[in-house]
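Structure first, commentary second.
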Amino acid sequence: MNNPIENHENIIQLALSLGFEYEKTITGCCQCTIAAIQDAIGIPNDAVFKAGSGLTAGGGLSCQGSCGGYTGGVMVMSSLFGRRRKNWKDDKSEKDCAHTMARVLLGKFQREYGSNICGIIHRKIFGRDFDLMHGPDREAFEKLGAHADKCTSVVGRAAAWATELILEEMSKRHLRLSDLQKIQLSDT
């Protein structure tokens, strides 16, 4: 039998690699983060993936809101360990779990980038802001390595961090991935 810690490390590394590769080849930081986490843990959820469509680059390509890597990570974590509609009024422990996980992920972003806000992360990794709806800014963004090594690294890290948090929560609950897959199916 595989050592669970080793297996967890492999899953986290897979999330990191997939996040980097998806952002490099497909782009769309929020959905790339979601897909990387879901693919690494083997729990795809098309509704969560689709819901991330407009959250790229701080929402609507504005670079003013939360990084898509952060929002994508929170979306997947909350889809697995979050308040369920069928228990909406009485699901406090799951709501609290989702808040705690989101806060921990936020802390990782703050330590690494100084913020979870897209524009602030851009200033840290590019040295400047962008408006990605503006043609010249979009061109500069690409020329400075957005999809070569900059945003790709942010997405990869976000996917790895969120995956690590998911696996830690699973361990606390004594769940295997197959258990989580069954729970996910029963919640939909």
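Filter region 28-58 down to the residues that are surrounded by fewer than 17 Cβ atoms within 10 Å (Cβ to Cβ) and at positive phi and list them by number.
Result: G42, single match.
If you go through region 26-46 one residue at a time, how many are in contact (Cβ under 8 Å) with a residue 60 or more places away in the chain and farther than 14 Å from A158 by Cα?
Residues that pass the stated criteria total 5.
Might you check whether a residue that is buried (at least 19 other Cβ atoms within 10 Å of the Cβ) and without any contact (Cβ under 8 Å) to a residue 60 or more places away in the chain occurs anywhere in region 123-137?
No; the residues of region 123-137 include none that is buried (at least 19 other Cβ atoms within 10 Å of the Cβ) and without any contact (Cβ under 8 Å) to a residue 60 or more places away in the chain.
Can you tell me which of G127, G69, G54 is touching a Ser or Thr at 6+ places or on another chain (Cβ under 8 Å) and modelled with pLDDT of 95 or more?
G69
Residues checked against (1) touching a helix residue (DSSP H, G or I) at 6+ places or on another chain (Cβ under 9 Å); (2) not small (G, A, S):
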| residue | (1), (2) |
| --- | --- |
| F81 | yes, yes |
| K89 | no, yes |
| E94 | yes, yes |
| C97 | yes, yes |
| S115 | yes, no |
| I120 | yes, yes |
| G135 | no, no |
| E139 | no, yes |
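Select from region 60-101 the residues that are touching a residue at least 60 places away in the same chain (Cβ under 8 Å), in contact with a strand residue (DSSP E or B) (Cβ under 8 Å, 6 or more places away or on another chain) and among the hydroxyl-bearing types (S, T, Y) and list them in ascending order.
None; the set is empty.
State the number of residues belonging to region 147-188 that are of a type outside the set (V, I, T) and in contact (Cβ under 8 Å) with a residue 60 or more places away in the chain.
The number of residues fulfilling the criteria is 21.
Just to check your reading of the model, which residue among A148, A159 is surrounded by fewer than 16 Cβ atoms within 10 Å (Cβ to Cβ) and out of contact with any strand residue (DSSP E or B) (no Cβ under 6 Å at 6 or more places or on another chain)?
A148
Any chance region 85-102 includes a residue that's in a helix (DSSP H, G or I), within 22 Å of G60 (Cα to Cα) and not hydroxyl-bearing (S, T, Y)?
Looking for residues that are in a helix (DSSP H, G or I), within 22 Å of G60 (Cα to Cα) and not hydroxyl-bearing (S, T, Y), one finds at least one in region 85-102, hence yes.
Against the condition out of contact with any His (no Cβ under 7 Å at 6 or more places or on another chain) and farther than 16 Å from A160 by Cα, how does F141 come out, does it pass?
yes
I'd like to verify a number: residues in region 59-71 that are crowded, with 20+ Cβ neighbours inside 10 Å and not hydrophobic (A, V, I, L, M, F, W, C), how many?
Total satisfying the criteria: 5.
The values are calculated or read from the model by the stated rules, or taken from the named source; none is laboratory data. All values reported here derive from a predicted model rather than from experimental measurement. No Cβ is skipped: glycine too gets one built from the backbone with ideal geometry, and neighbour counts run over all protein chains shown.
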